[in-house]
Amino acid sequence: MATIAAAAGRCSSPTRRQLLTRRRLPFSVSFSSTAPHAAAAGFGWTDALRVAGDGGRGDESDLSGYFRKVDTCNRGMDKRGEFVKFLVEDQVVGYVHKGFVKHLRDFHDVFTISGNNSSNTVENVSLQSSLRTPEDRTHAIGEVIKSLGEMIPGIRNELYPVTSSYGMPVYFSLERAAAPYFGIKAYGVHMNGYVEKDGQKFLWIGKRSDVKQTYPGMLDHLVAGGLPYGISCKENIIKECEEEAGIPRSISTNATSVGAISYMDIEGFRYKRDVLFCYDLKLPEDFVPNNEDGEVDSFRLIPVPHAANIIRRTEFFKPNCNLVIIDFLFRHGYIHPDSRGYLNLLQSLRSGDCS
């Protein structure tokens with residue numbers, strides 16, 4: 001058996017419903033994506049590695065566990081009718097829940113709420129035309145978010161660019177924690193850091209700090225982060241490599257762009273429309289990551305099939321990390337075309353608006 005190293009710190013095929021009716025496997029943890037201070041995950045590396053190395057179940061070609069992870073990131077699609085368009089310069093940049101709109105009505109100098117007064121219906125929300133520049137808009141909405149207080153938990157003082165699609169002009173910047181409440185597209189970068197030894201591939205996996213505001217104690221990528229305003233994907237990867245894993249620029253510049261995954265998730269007033277740019281980085285055999293920003297508790301180097309077992313059999317990984325690693329499994333030949341549901345699963349990794 002391969003050793004495990006550690007470092008401190010849509011086509012014709014079975015339907016998803018048919019695939020998901022198979023027996024669910026043990027080991028799961030509950031999580032909340034909205035709690036500003038969620039409880040730490042109730043598992044440790046011992047639990048994760050026990051599941052990872054438990055071979056012989058004959059479930060390697062069973063994709064139902066992967067489908068469940070995709071569904072976890074794409075909840076509430078039947079509730080899209082509860083949201084209205086958020087417009088800037090007549091362009092759709094997001095979606096706002098009708099229930100959340102009522103909290104914006106008092107900010108007459110920032111928002112215009114259009115609708116039918118006789119039927120008391122809302123058709124869309126837009127910014128006041130007097131807010132002409134990105135800077136004016138950013139400041140005005142920033143003040144609104146401050147006024148809303150605890151309605152938007154987990155403020156990070158990190159701005160995300162608001163556009164109609166990637167690479168298009170930036171209309172304004174928005175606090176990261178508020179992005180789902182305005183349904184804007186949020187972009188991020190995730191990197192699979194892997195090692196090849198004796199013909200086998202291994203993934204470096206991190207375990208998030210127990211004091212992280214979101215998904216504390218859960219398994220995570222070696223390197224991942226949101227894409228803030230004013231930085232390219234590659235430069236963001238290089239920055240995150242240094243901060244999260246102590247990977248020097250001389251190595252991180254070799255990270256290769258390999259595509260993107262997307263998902264849409266609705267929970268209450270929140271409408272997440274995320275696109276994650278995916279990177280692979282082959283690391284030296286003797287490289288050991290070292291977290292620099294205190295957001296990671298520890299790392300483990302795990303054989304790729306073992307990481308796949310954890311994804312299929314548990315809920316130990318931060319949800320969107322599952323999708324990026326599943327994409328890695330496709331590209332590196334660990335998920336095969338003769339597995340039932342192969343094409344459906346492949347397509348499902350881009351369930352969101354990938355633009």
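The values are calculated or read from the model by the stated rules, or taken from the named source; none is laboratory data. Note that the structure is predicted; figures quoted are calculated from it, not measured. Cβ coordinates were reconstructed from backbone atoms using ideal geometry, including for glycine residues, and neighbour counts include every protein chain displayed. To get the accessible areas, we keep the full protein, side chains included, count just its heavy atoms, and leave off ligands, DNA and RNA. Shrake-Rupley method; radii C 1.70, N 1.55, O 1.52, S 1.80 Å.
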Against the rule of thumb 2.2 N^0.38 Å, how large the Cα Rg of the chain comes out: 1.03
Which of HIS190, HIS103 is most accessible, then next, and so on - probe 1.4 Å: HIS103, HIS190
Region 250-268-region 155-175 distance, computed between alpha-carbon centres (Å): 17
Separation in nanometres of the label points that stand 7 Å from Cα toward Cβ, at ASN254 and GLU150: 5.0
Square roots of five times the Cα gyration tensor eigenvalues for region 247-304, Å: 29, 17, 12
Beta bridges per DSSP with both ends in the chain, % antiparallel, nearest 5: 75
Alpha-carbon Debye profile of region 158-208, log10 I(q)/I(0) at 0.21, 0.24, 0.26 Å⁻¹: -0.76, -0.89, -0.98
Too-long pairs where the Cα-Cα distance tops 26 Å, listed order kept, from LYS146/LYS318; LYS239/LYS282; LYS79/LYS239; LYS79/LYS185: LYS146/LYS318; LYS79/LYS239
Protection-proxy order for peptides 345-352, 308-315, 281-288, each taking the mean of Cβ atoms within 10 Å per residue, highest first: 308-315, 345-352, 281-288
Sequence-distant aspartates and glutamates (8 or more away, or on other chains) whose Cα lies within less than 13 Å of LYS69: ASP265, GLU315, ASP327
3J(HN,Hα) from dihedral phi, region 89-100, Karplus parametrisation 6.51/-1.76/1.60, rounded to Hz, x for glycine, proline: 6, 6, 9, 6, 10, x, 9, 10, 5, 4, x, 7
Compactness index (Cα Rg / 2.2 N^0.38 Å), region 78-182: 1.03
Kirkwood hydrodynamic radius of region 97-141, from inverse mean 1/r over distinct Cα pairs, in Å: 11.3
Spread of Cα-to-Cα distances over 5 Å intervals beginning at zero, given as percent, for region 258-355: 2, 10, 17, 21, 21, 14, 9, 3, 1, 0
Unit charges on C-beta of K, R, D, E only; dipole of the chain, Debye: 1240
